[in-house]
Amino acid sequence: MPVSGQSRRAVRAVAGRVARLAAVARGRRAAEPQAERAEAGQPPTAGSASVAAAVSAAVTAVPEGSRTVRVPDRLPPVPVDQDQLERVLVAMVRAAWLRTPPGTRVLVQAAAAAGEGRPDVLEVRVTDRGPNLAGEAKSWLLADPSGSDGGLPAAVREFKASGGGRITLEDNPAGGLVLVLTLPVVTC
């Protein structure tokens, strides 16, 4: 029996989703050694997370050639759940990737913001090169009332409810948006 073009597209779509899920699983396994390096000399406390490991896992949700990652191996731990941090970062990276035109890259950066000789917060910045959005459209990106897609709005709401940090949007001077996740660091 001949296979229709529509059936082929459906099979390709399912295969693509399976490949993405496999990449996320591989990324989580690959992130474990990086988490150990990132926290070397700074034993994590219960309920803390490694931003470097979470970013490493999150970027596997998009094709390798479509992202640039600038995250130091060694960052202080943050007082949030590792899985929840990974979920919100996956949602941020995927949202940026979906807004970025083909042939351009999503930029993922993380850095500690120093205050009085010690880092007070970490910022994770996910930059897309999509169209600029004005006022209400920016708010919608973070606060879609349905939240049923399990994407960025749902992940943001879940993360905010946990008291994990703050997510804001900035304009990208080169065009597009920057999703900024600001997290407190674990203090001993």
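The values are calculated or read from the model by the stated rules, or taken from the named source; none is laboratory data. Keep in mind that this is a model prediction, so the values were computed, not measured. Note: ideal-geometry Cβ built from the backbone for every residue, glycine included; neighbour counts use all protein chains shown. Just so you know, the surface numbers come from the protein's heavy atoms only, side chains and all, with ligands and any DNA or RNA stripped out. Shrake-Rupley method; radii C 1.70, N 1.55, O 1.52, S 1.80 Å.
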Worksheet entry | Unique match (being aliphatic (A, V, I, L, M) and closer than 14 Å to Thr182 by Cβ) among Ala61, Ala53, Ala110, Ala91 | Ala110
Discussion item. Just the residues that are crowded, with 18+ Cβ neighbours inside 10 Å and out of contact with any Leu (no Cβ under 8 Å at 6 or more places or on another chain), please, taken from region 86-104.
Written reply: Glu86, Arg87, Val90, Val93, Trp97, Thr100
Discussion item. Quick check on my filter: what residues within region 167-188 are under 22 Å from Asn132 (Cβ atoms), in a strand (DSSP E or B) and open to solvent by 30 Å² or more (accessible area, probe 1.4 Å)?
Written reply: Thr168, Leu169, Glu170, Asp171
